[in-house]
Amino acid sequence: MNQYCMYLRKSRADAEAEKRGEGETLARHEKTLFELARRYKFNISEVYREIVSGETIAARPVMQQLLSEISEGMWTGVLVMEVERLARGDTIDQGMVMQAFKYSETRIITPMKTYDPNNEFDEEYFEFGLFMSRREYKTINRRLQQGRITSVKEGKWLAQAPYGYQKSKLKNDKGYTLTPQSDESEVVKMIFELYTDGEIIEDGTQRRLGFAAIATRLNQLKIPPSRHDYWMQSVVKRIIQNPVYIGKVRWGQRPQKKKTVNGRIVVTRPIRDSGGDIVYDDFIIADGLHEAIIDEEMFNSAQKYIEEIPPMPIGYKKELKNPLAGLVFCQKCGRSMVYRKGTTEKSPAYIVCHARACDNVSSPFALIESRVLEGLREWLNDYKLNWGNAEFQQRQKKSKTKSGSKVAVKINALKTLKSEIETLEKQLSKTYDLLEQEVYSTDEFLNRSREITSNIEKARREHTELEKSIELETAYEERRKAIIPQVERLLDVYYELPTPADKNALLKEVLEKTVYLKLVSGKSKKGTADCFELDLFPKLPSNNKSGE
């Protein structure tokens with residue numbers, strides 16, 4: 001039975017038309033394509049609506065799903081208003097669309113023409129349509145970017161309002177500007193004052209505060225940030241470096257950069273350094289139409305202090321320093337705990353909870369590392385003893401018998417699901433017949449076919465999950481035996497491994513995580529440095545949560 005689907009996507013021109021009151025685009029397109037389907041008696045079983053606007057296929061999840069189904073041969077044809085709606089990306093994206101339709105022999109049906117990708121002339125026409133679509137997109141995008149640059153040079157604000165301001169519409173003109181928010185603007189002034197002038201301490205002297213100290217002070221004062229749960233030093237730094245607070249408009253400091261990682265396009269937004277000039281390529285700083293919160297003298301003073309901060313050693317953040325990275329979690333807040341590098345012999349490295357609101361007490365890294373290895377050694381000894389224990393072996397035999405019965409039950413369930421899928425597919429086929437006989441209207445047909453399709457997909461998911469579960473059950477015993485030599489190897493070679501990264505990799509082979517809790521500060525009482533609880537969760541190859 002031939003199956004067809006419909007793909008609807010809104011273009012920028014459509015969005016502009018909607019603003020002029022010309023009606024909802026996708027609804028009009030859907031109506032036109034349903035009339036086309038009725039005329040040619042196409043069985044439409046799915047309608048795909050792309051709400052997200054994206055240049056590439058990677059930014060359009062509905063298109064990704066459609067191409068995946070096309071490649072699997074699910075559809076005889078796809079109804080679309082224009083071939084240009086399918087791809088406006090680069091040559092690679094257009095090639096993906098062409099290949100998906102061509103190799104699956106899926107037709108593209110528009111109100112103007114039906115394209116057969118395996119027909120030489122249709123293929124050329126299709127390629128030409130995609131090429132022209134890409135060219136049109138670039139032209140529109142170039143005009144749009146130029147319009148944004150012009151607006152920035154006029155002092156208008158385009159992005160989301162920064163902390164301290166609210167976005168407001170310009171009177172008697174297109175575009176937006178910024179208006180200071182009284183409460184937040186006072187916080188911005190305080191941040192700059194603490195960083196440039198500082199505060200008076202107990203001995204009467206004045207001391208400047210750094211980014212982290214300012215963030216701590218704001219959290220202590222219960223001042224809410226705009227986009228996070230609490231203030232972070234990186235947020236404070238960005239505020240101090242932002243020229244918006246002296247009445248400037250900045251554009252292009254964090255442009256999108258695309259690169260290929262493991263065959264996939266990854267979009268990053270690196271921060272550029274202005275260097276003090278007005279324009280660097282497409283990095284623009286212009287006088288804004290909004291009111292300044294900070295005077296230029298204080299702002300420039302803050303930038304000089306930032307320049308005096310010594311740079312981080314090359315490669316410091318890229319090299320893994322913590323063998324327990326990603327393995328120690330806070331029992332109080334659930335966050336992953338982090339490594340704090342020691343500065344001297346009297347000030348060793350520590351493992352701490354990074355959450356400012358969490359009061360879980362930190363401990364020296366060496367003590368936690370030693371406790372992890374000690375805990376693994378004790379666990380291994382108990383596990384090996386239990387493995388040789390007759391009662392344990394008897395439980396294992398019972399467990400194996402139960403496991404075998406479970407597998408048999410699941411295999412029978414697989415057969416039932418397969419039969420259910422076949423029955424549902426027959427019901428779906430009957431709905432096509434009812435549509436052809438005009439017993440079902442288009443809406444009734446779509447509702448019924450969607451219901452049956454949903455049931456088929458649910459049954460297929462359950463089928464896949466059962467297959468995976470059976471694979472886990474059958475591999476159960478082998479995986480239980482494999483854990484013993486893995487832990488033994490770790491304990492034998494751990495301290496001989498050359499780098500923290502090697503230690504971390506080996507630990508992650510046998511440990512799922514460890515959960516840490518310490519309630520008493522080691523600084524306040526002697527002999528309490530190692531008074532902490534550490535629960536280990538080895539990667540037990542069991543078919544339950546607790547293992548044996």
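The values are calculated or read from the model by the stated rules, or taken from the named source; none is laboratory data. Keep in mind it's a predicted model, so treat the numbers as computed, not measured. Glycine gets a Cβ as well: all are built from the backbone with ideal geometry, and neighbour counts include every protein chain shown. These accessible areas exclude ligands, DNA and RNA; they are computed on the full protein's heavy atoms, side chains included. Shrake-Rupley method; radii C 1.70, N 1.55, O 1.52, S 1.80 Å.
Here are a few things to note about the model shown:
Conditions tested, residue by residue: (1) among the basic types (Lys, Arg); (2) more than 34 Å from the chain's Cα centre (by Cα); (3) at pLDDT 85 or above; (4) surrounded by 13 or more Cβ atoms within 10 Å (Cβ to Cβ).
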site	(1), (2), (3), (4)
Thr431	no, yes, no, yes
Phe445	no, yes, no, yes
Arg450	yes, no, no, yes
Val493	no, yes, yes, no
Asn504	no, no, yes, yes
Asp530	no, yes, no, yes
Phe537	no, no, yes, yes
Lys545	yes, no, no, no
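- Residues being outside any loop (DSSP other than H, G, I, E, B), among the small types (Gly, Ala, Ser) and touching a Ser or Thr at 6+ places or on another chain (Cβ under 6 Å) - total across the stretch 160-188: 1
- Ala212 meets the conditions (1) free of Cβ contacts under 8 Å to residues at least 40 places away in the same chain; (2) part of a helix (DSSP H, G or I); (3) more than 15 Å from Arg238 (Cα to Cα) in every case but one. The failed one is (3).
- Within the stretch 231-255, residues that are closer than 15 Å to Glu184 by Cβ reach partners that are in a loop (DSSP other than H, G, I, E, B) with beta carbons closer than 6 Å, at six or more positions or on different chains, in the pairs Trp231/Pro225; Val244/Pro162; Tyr245/Ile293; Tyr245/Ile294.
- Looking across the stretch 115-159, the residues that are open to solvent by 40 Å² or more (accessible area, probe 1.4 Å), in contact with a helix residue (DSSP H, G or I) (Cβ under 8 Å, 6 or more places away or on another chain) and either modelled with pLDDT of 80 or more or not in a helix (DSSP H, G or I) (or both) come down to Asp116, Asn118, Leu158.
- The single condition from (1) within 17 Å of Phe299 (Cβ to Cβ); (2) touching a Lys or Arg at 6+ places or on another chain (Cβ under 7 Å); (3) in a helix (DSSP H, G or I) that Asn219 fails is (1).
- Selection from the stretch 43-70 of residues that are in contact with a strand residue (DSSP E or B) (Cβ under 6 Å, 6 or more places away or on another chain), modelled with pLDDT of 85 or more and open to solvent by 20 Å² or more (accessible area, probe 1.4 Å): Glu46, Arg49, Val62
- Residue within the stretch 152-163 that is farther than 23 Å from Asp295 by Cα and among the acidic types (Asp, Glu) present: no
- Contacts under 8 angstrom Cβ, first residue in the stretch 168-196 being within 29 Å of Thr150 (Cβ to Cβ), partner of a type in the set (Lys, Arg) and not in a strand (DSSP E or B), 6 or more apart: Leu170/Lys156; Gly175/Lys156; Tyr176/Lys156; Thr177/Lys156
- Only one entry of Ile246, Ile240, Ile191 meets the criterion of being surrounded by fewer than 19 Cβ atoms within 10 Å (Cβ to Cβ) and closer than 22 Å to Tyr305 by Cβ, and that entry is Ile246.
- Output for the stretch 203-232, where each listed residue is modelled with pLDDT of 85 or more and in contact with a Phe, Trp or Tyr (Cβ under 7 Å, 6 or more places away or on another chain): Arg208, Leu209, Ile214, Ala215, Leu218, Asn219, Pro225
- If the condition is being surrounded by 13 or more Cβ atoms within 10 Å (Cβ to Cβ) and at pLDDT below 80, then the stretch 454-471 contributes Ser469, Ile470.
- One residue alone among Leu367, Leu380 is out of contact with any strand residue (DSSP E or B) (no Cβ under 6 Å at 6 or more places or on another chain) and at pLDDT 90 or above, and that residue is Leu367.
- Checking each residue of the stretch 283-292 against the condition of being at pLDDT 90 or above and hydrophobic (A, V, I, L, M, F, W, C) gives at least one match.
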